[in-house]
1. Considering only residues that are surrounded by fewer than 24 Cβ atoms within 10 Å (Cβ to Cβ) and within 11 Å of the ligand (Cβ to nearest atom), look in region 243-262 and name the one that is nearest to residue 88 (Cα to Cα).
2. Take the conditions touching a residue at least 40 places away in the same chain (Cβ under 8 Å) and over 19 Å from the mean Cα position of the chain (by Cα) and apply them to residue 217. Does it pass?
3. Just checking, how many residues over region 205-243 are farther than 23 Å from residue 105 by Cα and out of contact with any strand residue (DSSP E or B) (no Cβ under 6 Å at 6 or more places or on another chain)?
4. Exactly one of these conditions fails for residue 348: (1) modelled with pLDDT of 95 or more; (2) over 16 Å from residue 146 (Cα atoms). Give me its number.
5. From the residues in region 308-358 that are over 13 Å from residue 392 (Cα atoms), assigned to a loop (DSSP other than H, G, I, E, B) and hydrophobic (A, V, I, L, M, F, W, C), which one is farthest from the chain's Cα centre (by Cα)?
6. Scan the helices (runs of 4 or more DSSP H) fully inside region 7-90 and keep the ones with 2 or more residues being modelled with pLDDT of 95 or more.
7. Across region 219-242, what is the total count of residues that are within 11 Å of the ligand (Cβ to nearest atom) and of a type in the set (Val, Ile, Thr)?
8. Does residue 168 satisfy the criteria of being part of a helix (DSSP H, G or I) and under 19 Å from residue 124 (Cα atoms)?
Amino acid sequence: EFVPASRVTRIKSSPSVAAAGRVRELKAEGRRILDLTVGEPDFDTPANIKEAAIAAVRNGETRYTAVAGTPALQAAIIHSMESRTGVRYTPDRITIGGGAKQVIFTAFMASLGEGDEVVIPAPYWVSYPDMVLANEGTPVIVECGEDAGFKLTPESLAAALTDRSKWLILNTPSNPTGAVYTAEELRGLARVLADFPQVHVLTDEIYDEIYFGTERPACLLRVAPELDGRVLMVNGVSKSYAMTGWRLGYAVGPKPVIAAINKLQSQISSCPSSVSQAAAAEALIGDQTFVLESRDVYRSRRDIAVAGLNAIDGLACRTPDGAFYAYVNCAGVVGKTTPDGAVISNDEDFTMYLLDSASVAVIQGSAYGVGPYFRISYATSVEVINEALAAIEKSVMALS
Ligand code: PLP
């Protein structure tokens with residue numbers, strides 16, 4: 001009999017992958033589902049990026065590359081990260097992997113041991129706690145309520161840090177809330193970190209090009225350059241350039257952290273895909289029109305979705321400042337009864353009710369560590385968003 005390793009039995013499969021599976025099943029049964037669970041852009045990869053990949057194949061860039069990536073992609077990352085952080089990184093401070101997800105996992109594998117704590121502000125991206133658990137670490141979840149804009153405060157950070165803390169994770173713009181930290185808020189967190197010099201910070205900035213304010217989201221390293229020796233800054237091309245299937249992400253950070261990650265990577269995958277690296281280099285240094293245009297599209301969808309949700313009695317939704325998600329407060333429907341006589345006792349019941357009665361798929365807030373909420377993705381067409389809003393409203397009105 002096959003017995004999986006304890007690191008497998010300790011963790012759960014990704015709830016967003018599970019939700020996508022449920023939507024696929026219902027569609028296979030012939031039901032039309034208005035899918036607001038999707039965690040990826042609904043756009044195709046821009047043509048200039050595809051052409052760069054095709055050219056790489058034709059040029060014979062089809063072999064293993066260096067573990068830490070090709071010189072061309074490293075140069076593109078150095079250029080892009082310098083404009084972002086003000087720091088000029090050297091190649092020995094870069095790691096490139098099969099998606100930001102893999103980079104984060106390998107970073108934990110390279111750094112965590114039993115008893116090491118990782119502070120994770122909630123609502124969190126579903127994968128962080130399980131990635132920590134899979135690598136022997138202990139997730140320390142800090143709930144960040146809606147009144148704090150779903151953001152970590154200096155007080156709650158100070159209360160969560162101990163002498164066993166190894167990492168703090170900061171995800172801005174956030175999945176699932178779309179919250180973006182201001183420079184002042186990051187400075188406040190940096191002041192607390194000054195008292196805990198052993199703590200490293202993993203900043204997941206994968207949505208940093210998808211923002212709706214006038215300026216690019218603040219960057220921890222830019223506002224607190226003194227943290228340069230302990231910030232691992234993760235990014236990738238999946239979201240900004242609609243390249244989820246290319247599986248290419250990267251991080252820049254302190255030399256010893258990067259060396260440990262790359263040593264593991266040399267035994268895990270040898271290197272990321274050579275073709276995807278060529279595509280990512282073009283994404284970072286080539287024409288940026290797609291980034292600007294898609295940002296405008298996301299912004300107008302956000303405005304439609306947020307206004308529509310707030311118009312529904314019982315639901316309330318803050319206006320997200322980035323990414324393509326909204327985190328909707330559904331406390332107003334908890335305790336109500338469905339036409340079938342079932343009581344909605346939490347956000348999970350409500351999302352099941354929406355799926356059954358409105359054919360709208362969303363993900364329950366409990367998956368992200370804070371309820372009663374649900375996450376919608378507006379990386380889908382305005383038609384689907386409008387149809388879903390009407391269907392949600394009808395279902396909510398049917399509650400008593
Ligand atoms: N970080 C966050 C917050 C995400 O939402 C995602 C994707 O859903 C990732 C990282 C992973 O992205 P990648 O496709 O680069 O692995």
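The values are calculated or read from the model by the stated rules, or taken from the named source; none is laboratory data. Bear in mind the structure is a predicted one, so any value in this text is a computation, not a measurement. Virtual Cβ from ideal backbone geometry, glycine too; neighbours counted across all protein chains shown.
1. 247
2. Details: touching a residue at least 40 places away in the same chain (Cβ under 8 Å): yes; over 19 Å from the mean Cα position of the chain (by Cα): no.
So residue 217 fails the test.
3. Step one: filter region 205-243 for residues farther than 23 Å from residue 105 by Cα, giving 210-218, 222-226.
Filter once more, so that each one left must be out of contact with any strand residue (DSSP E or B) (no Cβ under 6 Å at 6 or more places or on another chain): 212-216, 218, 222-226.
Adding up the residues that qualify gives 11.
4. (1)
5. The selected residue is 342.
6. Values: elements: 15-28, 47-58, 71-85.
Hits in region 7-90: 47-58, 71-85.
7. 2
8. Numbers: part of a helix (DSSP H, G or I): no; under 19 Å from residue 124 (Cα atoms): yes.
No; evaluated as a whole, the condition is false for this residue.
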